[in-house]
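Have a look at this one.
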Amino acid sequence: MGRPYAMRLMAALALLSLAACVGPIEQSKLASIRTIGVASVCGKDITRAAMGAFSFQNEITRGDISDWGLDDEAVAVVASALKGRFDVAKADIDPAILREIRQKSILAEYDDAPIRAVRRDPKFDAYLVIWPTKSGTMAMRGMGIFTGSRHPEQTSAWLHTICFASLYDRAGDVRLGTGRAEETRYMVVGPRQDTWNEYSAAERERVREILRELQARALTDAVATMNLSPRR
């Protein structure tokens, strides 16, 4: 078994294990929780993926969108969804540990590695960690724009937010449950924009607004699925 295949197999098994945790959390596990610290890293980067009929035609570029404030908005969305039941505030993240996890942990988006980057605070009874994951094609991950085929006159693509939201206990040692925060929207993006650098300021702002809407719906549904808030 070659190493690349083994790594993909390990990732697939880890994903299946995590997926098994998706769903309602038992009320008994939530009884002692009053305050939740939210740590989101799903809105730091965007991926523009234009896929061709052959791998050599693929074009995948990434951009830094941390200044869009999507991670702070994620905290606000969760706080609104959980209002009246839990007090929610932003939890701090150690950037050095987060960077190390992203660089060294093959399964960082599948296992419990992200919780290690969250700084513990005695005011929180639990932590909700939100981080990017994949769906379908490996090119669709976190915040992004995906075109499944490359055509000289391609004018549309899928915008997506694909993340996991996992709730941990006060110590961060036990994952109480996970919700999948995933939303997509088909949109016209203009004449064949295969790389993120091709998007104008106005087009990027349009992408930002759509991603904000997708994230809000995705997270609201995720915490409801986890039994943290009632379905609306």
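Assuming R0 = 22 Å, can you tell me the calculated FRET efficiency for the pair Ser135 and Tyr186, based on Cβ-Cβ distance, to the nearest 0.05? Please report the intermediate quantities before stating the final value.
Numbers: r = 15 Å, r/R0 = 0.68.
After rounding, the FRET efficiency stands at 0.90.
Return the FRET efficiency for the residue pair Lys83, Glu205: r is the Cβ-Cβ distance, R0 is 30 Å, and the value is rounded to the nearest 0.05. Walk me through the intermediate numbers first.
Values: r = 29 Å, r/R0 = 0.96.
With a Förster radius of 30 Å, E is 0.55.
Still on this model: Debye calculation, C-alpha points only, no solvent: report log10 I(q)/I(0) for region 185-225 at q = 0.28 Å⁻¹, in the same order as the q values.
Per q value, in the given order, log10 I(q)/I(0) is -0.97.
Given axes a ≥ b ≥ c from the Cα gyration tensor, I'd like to know whether region 61-107 is rounded (a/c under 1.5), prolate (a/b larger than b/c) or oblate.
prolate
Report, in listed order, any pair from Lys83/Lys123; Lys44/Lys83; Lys90/Lys123; Lys83/Lys134 with a Cα-Cα distance greater than 23 Å.
Check vs 23 Å cut-off fails for Lys44/Lys83; Lys83/Lys134.
Just so you know, all these numbers are worked out from the coordinates, no wet-lab data involved. The structure presented is a predicted model; accordingly, all values stated were derived computationally and were not measured. Virtual Cβ from ideal backbone geometry, glycine too; neighbours counted across all protein chains shown.
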